[in-house]
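Just so it is clear, none of the values below were taken in a lab; they were calculated from the coordinates. Just so it is clear, the model here is predicted, and its values are computed rather than measured. A quick note on method: Cβ atoms are made from the backbone with ideal geometry, for glycine too, and the neighbour counts reach across all protein chains shown.
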Amino acid sequence: ETGVTQSPTHLIKTRGQQVTLRCSSQSGHNTVSWYQQALGQGPQFIFQYYREEENGRGNFPPRFSGLQFPNYSSELNVNALELDDSALYLCASSLGPGGPGTDTQYFGPGTRLTVL
Amino acid sequence: AQRVTQPEKLLSVFKGAPVELKCNYSYSGSPELFWYVQYSRQRLQLLLRHISRESIKGFTADLNKGETSFHLKKPFAQEEDSAMYYCALKSGGSYIPTFGRGTSLIVHP
């Protein structure tokens, strides 16, 4: 069984640029959630995708967008990068979106984004 | 709005001592509470959830709706318990979890 993987590991961008982060779900999982974790903070929910549709969204502006593909891998896109976007971005997959039997999330190692 | 507060950024204890990591929440409905743990150089992972009422690695947590708390407890801390611990809340029927800022637990030999 393959765990959740994320790429790249680290990324440096400048303000105003666009970035795409990638996540490969654990085998058999159809739900993926993305989180932003600033230094010294807990993860903050960005959005969740279930079977290629956005299934819930946190308090993030529209310049944060995502995609989920038929193989349930996922992308997080951030446009017009700002300095405050510097953070660790975590992806988590689960068997399903809700319910204690299916919603246990398995996290990836994260992508460290630095915006200069 | 839902909120999770972990008042301690750092908790330092000696091996064999009892440990309690505090978590208070703010939510008016029926919450679902979780504890997540991140060991050094490992991924964030679920430790336990209140509806399961289970003990994992000797840790237990009881939901106290009167005090709106979900403190994590272990009677005898071990060095391998040293990690970052996050309390999280989901409102009933929602897929959106809210995490606390985390507490770093250090267990000294």
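Listed by first and then second residue, the pairs linking a residue in the stretch B:9-38 that is under 29 Å from B:ILE96 (Cβ atoms) to a residue that is surrounded by fewer than 13 Cβ atoms within 10 Å (Cβ to Cβ) and charged (D, E, K, R), with Cβ atoms under 7 Å apart and 6 or more places separating them unless they lie on different chains, are B:TYR25/B:ARG3; B:SER26/B:ARG3. Considering A:SER27, A:SER7, A:SER33, the condition of being surrounded by 17 or more Cβ atoms within 10 Å (Cβ to Cβ) and either more than 16 Å from A:ARG112 (Cα to Cα) or touching a Lys or Arg at 6+ places or on another chain (Cβ under 8 Å) (or both) is satisfied by A:SER33 alone.
Consider the stretch B:33-57 and keep the residues that are assigned to a loop (DSSP other than H, G, I, E, B) and basic (Lys, Arg). The one that is nearest to the other protein chains (Cβ to nearest Cβ) is B:ARG43. Identify all residues within the stretch A:73-116 that are within 14 Å of another protein chain (Cβ to nearest Cβ) and hydroxyl-bearing (Ser, Thr, Tyr); write none if there are none. Scanning the stretch A:73-116 gives A:TYR89, A:SER93, A:SER94, A:THR102, A:THR104, A:TYR106, A:THR111.
Mind telling me which of the residues A:THR5, A:THR9 ends up being more than 29 Å from B:GLU32 (Cβ to Cβ), of a type outside the set (D, E, K, R) and within 14 Å of chain B (Cβ to nearest Cβ)?
Details: A:THR5 fails: more than 29 Å from B:GLU32 (Cβ to Cβ).
From the options A:THR5, A:THR9, the qualifying one is A:THR9.
A:GLY40 meets the conditions (1) surrounded by 13 or more Cβ atoms within 10 Å (Cβ to Cβ); (2) without any contact (Cβ under 8 Å) to a residue 12 or more places away in the chain; (3) at positive phi in every case but one. The failed one is (1). In the stretch A:49-72, the qualifying residues are those that are part of a loop (DSSP other than H, G, I, E, B) and buried (at least 17 other Cβ atoms within 10 Å of the Cβ), and the one that is farthest from the other protein chains (Cβ to nearest Cβ) is A:TYR72.
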